[in-house]
Amino acid sequence: MTKLWGGRFQKSAENWVDEFGASIGFDQQLVMEDIEGSVAHVTMLGAQGILDSKDVEQILGGLAELKLAAEAGELEFRVANEDIHLNLEKMLTDIIGPVGGKLHTGRSRNDQVSTDMHLFLKKRVVEVVDLIGTFQKTILHKAEQHVETIAPGYTHLQRAQPISFAHHLMAYFWMLQRDKDRFNESMKRIDILPLGAGAMAGTTFPIDREKTAELLGFSDIYPNSMDAVSDRDFIVEFLSNSSLLMTHLSRFAEEIIIWSTDEFKFIELDDAFSTGSSIMPQKKNPDMAELIRGKTGRVYGNLIGLLTVLKGTPLTYNKDMQEDKEGMFDTVHTILGSLKIFEGMVRTMAVKTERLHQAVHSDFSNATELADYLAAKGMPFREAHEVTGKLVFTCIQRGIFLLDLPLVEMQNESKLIEQDVYDVLAPEAAVRRRNSLGGTGFDQVRLQIEKAKALL
Ligand code: ARG
């Protein structure tokens, strides 16, 4: 088959060579954006008198037909036509004849493909932000139910200090808030029109880029045609924002996995978000959380992949850039799926409040309370730390906890300790009294939840 650009060629490449160069296998996902871009371009060409209205009408008619067929999934893409742009142009001329060839006036595939990607990401980023918001609402709702559920807080995965379980959940709310901000902020670099840059130097036709931008709903236009066709920063930025989002989801997934173990039993995932084992009948595995943790790797890979593709490419367009697409599609697919699953997983999970309560009453996470108690009574904190450490050691040797230690024994280490120490050592008190701004005190957590609500 002769190529749309076949004029200067004496022979055609063999199929297997064409196959290697073709992107239609994946860039067909841009079919709607490509048609959208063409409609705007040809409308502008008509308005500028570059094409006469009869031609424009015919081309618009053909594009409308292609759009309908695309929506119905009836388009048959061919590897021989290389990519989405040439496939659609070929189909257009098949429908309306040689006049279809006028569509490409004053345009190149270089500004066309970049326009498609901008249009595509504009829509997807809105979806991503939306899903992050939904997930945040679910976290907030869960947190509201567990403000007074006390749980062990960890550092080094060792029991550290008692916390409100809501406080723990809300930490993820704020990570997601930053993710959402980053995606929203990146929009101003996605919302720019490259079309009209031509192959890279602009065009001799009296085009009106402002008109095209207006028709496509772009708020800005690339001021430099060379930058317009070679810029893929907006995709790198999307992949980078997605990587950080996945980092957050992966950390949360890891906690869900740990909390679901028999050793912790802090939560139980709903059956709908768990799987069984083909051999061990007792198993209930947190596969979805593990998959999200695992999929983080491919999103990082997509980011590093594109950065590496770009680092050695001279201005302007190089075919290397065709490698920008699969990673972007894959990332969109991965993060939308992960967000959706995670939301459902958290919404339906059961929090084992009894077990959390029991956990926090059978550890030494109230040791800081004793040290603070002594320090508040005037003992230098270092000394208070030492005294408390000794009492903890005594308890460990006897297999008891600080609350079980009789007052006289505590007083052997320091006469400053009085009966009221037992109130201070209660894990509930430990949480309630951490009332510094942003702390885990119940009142602070309620305040935090109010702040979060106001943002949604
Ligand atoms: N399929 C190509 C891509 O995705 C479209 C641009 C082709 N431009 C060119 N000069 N060969 O990058």
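Things worth noting here:
- Pairs are defined by a Cβ separation below 6 Å, a sequence spacing of at least 6 or placement on different chains, a first member in the stretch 103-117 that is within 18 Å of Met91 (Cβ to Cβ), and a second member that is within 7 Å of the ligand (Cβ to nearest atom) and in a helix (DSSP H, G or I); the pairs so defined are Arg109/His85; Gln112/His85.
- For the stretch 61-72, the criterion of being at pLDDT 95 or above and over 38 Å from the mean Cα position of the chain (by Cα) is satisfied by at least one residue.
- Members of the stretch 82-105 found to be more than 16 Å from the ligand (Cβ to nearest atom), surrounded by 14 or more Cβ atoms within 10 Å (Cβ to Cβ) and in a loop (DSSP other than H, G, I, E, B), listed by number: Thr105
- If you go through the stretch 375-409 and keep only what is open to solvent by less than 90 Å² (accessible area, probe 1.4 Å), of a type in the set (A, V, I, L, M, F, W, C) and over 51 Å from the mean Cα position of the chain (by Cα), you end up with just Leu407.
- Looking only at the stretch 188-199, and only at residues there that are crowded, with 18+ Cβ neighbours inside 10 Å and hydrophobic (A, V, I, L, M, F, W, C), the one that is farthest from the chain's Cα centre (by Cα): Ala197
- Verdict on Ala69 being open to solvent by 40 Å² or more (accessible area, probe 1.4 Å) and either over 19 Å from Gln28 (Cβ atoms) or not acidic (Asp, Glu) (or both): no
- Single unsatisfied condition, Val445 versus (1) farther than 18 Å from Ala171 by Cβ; (2) open to solvent by less than 30 Å² (accessible area, probe 1.4 Å): (1)
Results for (1) open to solvent by 20 Å² or more (accessible area, probe 1.4 Å); (2) within 16 Å of the ligand (Cβ to nearest atom); (3) of a type outside the set (A, V, I, L, M, F, W, C), shown as yes or no for each residue.
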| position | (1), (2), (3) |
| --- | --- |
| Asp111 | no, yes, yes |
| Lys123 | yes, no, yes |
| Ile132 | no, no, no |
| Gln136 | no, no, yes |
| Gln145 | yes, no, yes |
| Leu157 | yes, no, no |
| Phe165 | no, no, no |
| Ala171 | yes, no, no |
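- From Phe329, Phe273, residue being among the aromatic types (Phe, Trp, Tyr), open to solvent by less than 50 Å² (accessible area, probe 1.4 Å) and within 16 Å of the ligand (Cβ to nearest atom): Phe329
- In the stretch 306-321, residue nearest to the chain's Cα centre (by Cα) [restricted to those that are within 15 Å of the ligand (Cβ to nearest atom), surrounded by 12 or more Cβ atoms within 10 Å (Cβ to Cβ) and assigned to a helix (DSSP H, G or I)]: Leu306
- Screening the candidates Gln48, Gln28 for the property of being under 18 Å from Met117 (Cβ atoms), of a type outside the set (Val, Ile, Thr) and open to solvent by 10 Å² or more (accessible area, probe 1.4 Å) yields one hit, Gln28.
The values are calculated or read from the model by the stated rules, or taken from the named source; none is laboratory data. Note that the structure is a prediction, hence the values are computed from the model and not measured. Cβ sites come from the backbone with ideal geometry, for glycine too, and all protein chains shown count toward neighbours. Accessible surface areas use protein heavy atoms only, side chains included; no ligands, DNA or RNA. Shrake-Rupley method; radii C 1.70, N 1.55, O 1.52, S 1.80 Å.
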